[in-house]
1. Where does each of 341, 272 land when they are ordered by accessible area, with a 1.4 Å probe and the largest first?
2. I'd like to know how segment 301-357 sits against the 2.2 N^0.38 Å rule of thumb: what's its Cα Rg over that expected value?
3. Heavy atoms only, 1.4 Å probe, whole protein assembly: order 152, 1 by accessible area, highest first.
4. Cross-link list 141/225; 75/322; 201/323; 257/323: which exceed 22 angstrom alpha carbon to alpha carbon?
5. Just want to confirm a number: the relative contact order over segment 242-362, from Cα pairs under 8 angstrom separated by 6+ residues, in percent.
6. Using only Cα atoms and rounding to the nearest 10 degrees, what angle (0 to 90) does helix 348-358 make with the longest principal axis of the chain?
7. So what's the gap between the Cα centers of segment 170-244 and segment 138-162, to the nearest angstrom?
8. Is the C-alpha gyration tensor of segment 227-362 telling us rounded, prolate or oblate? Criteria: a/c under 1.5 is rounded; beyond that, a/b larger than b/c is prolate, otherwise oblate.
Amino acid sequence: MIKRLRVQLADRSYPIILGRELLSDSAHYPAAARTGRLIVVTNETVAPLYLDSVLQALQAADTVVYEMPDGERYKSFAQCQKILDLMLRKGLARDSYVVALGGGVVGDLAGFAAAIYQRGINLLQIPTTLLAQVDSSVGGKTAVNHRLGKNMIGAFHQPRTVIADMSTLRSLPERELRAGIAEIIKYGLIGDRRFIGWLEKNMSALLARDETALAHAVAVSCRHKARVVAADERESGQRALVNLGHTFGHAIEAHQKYREWLHGEAVAVGLCMASDLSCRLGWLNAADRDRAIALVELAGLPSAPPPGLRASRMRRLMQGDKKVAAGKLRLVLLPQLGQACLSAEFGESALADCLQSYCSPR
């Protein structure tokens, strides 16, 4: 069954199309993408699996493909430069399309290229990982990474359409599936206590790739994301709440130079640390803190940072977060399960205690 959701942004509103076996059906693609010049950005893992289906559906006479290496460390200026070089050589114009076929790295990088090429051209997101389908493909955040901070260099650039074909999840490695579940858990923690209960009861079905369970989890997550984006497109307030756990997680990724853990794995630890800090502040009770951490562990995700990451280093890396304002670190925390807030009033001593308890001194 195909579901259609909508991100409401006035004249820039767009559909999120959820279903199975969507990629080869041209009816789901914007008509303009099937008639004009375009570039498909994908990676070496996804291309052999799905590129032919997408090209067949697009039926565009003038298509160029950029196939990048797979991995978070390639979400870089260097890769963006190569995409832009190809776009310029092929003479893409303002009515051209950039098609992002892949996971979050491909979507962010291709989206950033689309945002800055001729001050913005059309973007079509085709997410092929669970994490990208429930989070990164929706909302128009695009970026490249820098050695001093993740996603610090980017632009808001909304897609014309998001096509989330859940058939692609059949080929998704187990580790990538679990990483995507971290973002799904996040939506329950920040705004849907009932969904937390559903996840606790249905986690084994999600891990077994039960189609009904996955379809429900993806749809609920996308509805949450679409509602937040519509209310706060450029993250001036409410939208920051979808970054629960991300300040901690981004610090872990930067520490590892984006080479070892997946984004969702780092976010999973961040969810646990944000829950723990919320409890230390007297906001979240201990039972609910433990419930949040148990849900992360139920998904088979890490609940502590990698060995060797010192508390002092993690604190320095966290200071490079986008949510820092007037020199003060702001964190998304939990007054209670299903409710989040953005605050700078957490107290450095409480944060220091949290970091010390989680980070290995070795």
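1. 341, 272
2. Working: Rg = 12.4 Å, N = 57, 2.2 N^0.38 = 10.2 Å.
For segment 301-357, the normalised Cα radius of gyration comes out at 1.21.
3. On the way: 152 95, 1 190 Å².
Final ranking, largest accessible area leading: 1, 152.
4. Going by Cα-Cα distance, 201/323 fall outside the 22 Å limit.
5. The value is 31 percent.
6. Value to nearest ten degrees: 80.
7. A separation of 19 Å, based on Cα centres.
8. Rounded shape, in that the Cα axes give a/c under 1.5.
The values are calculated or read from the model by the stated rules, or taken from the named source; none is laboratory data. Because the structure is predicted, anything quoted here is derived from the model rather than measured. Using ideal geometry, Cβ is built from the backbone for each residue, glycine included, and neighbour counts are taken over all protein chains shown. Areas reflect the complete protein model, heavy atoms only, side chains present, ligands, DNA and RNA absent. Shrake-Rupley method; radii C 1.70, N 1.55, O 1.52, S 1.80 Å.
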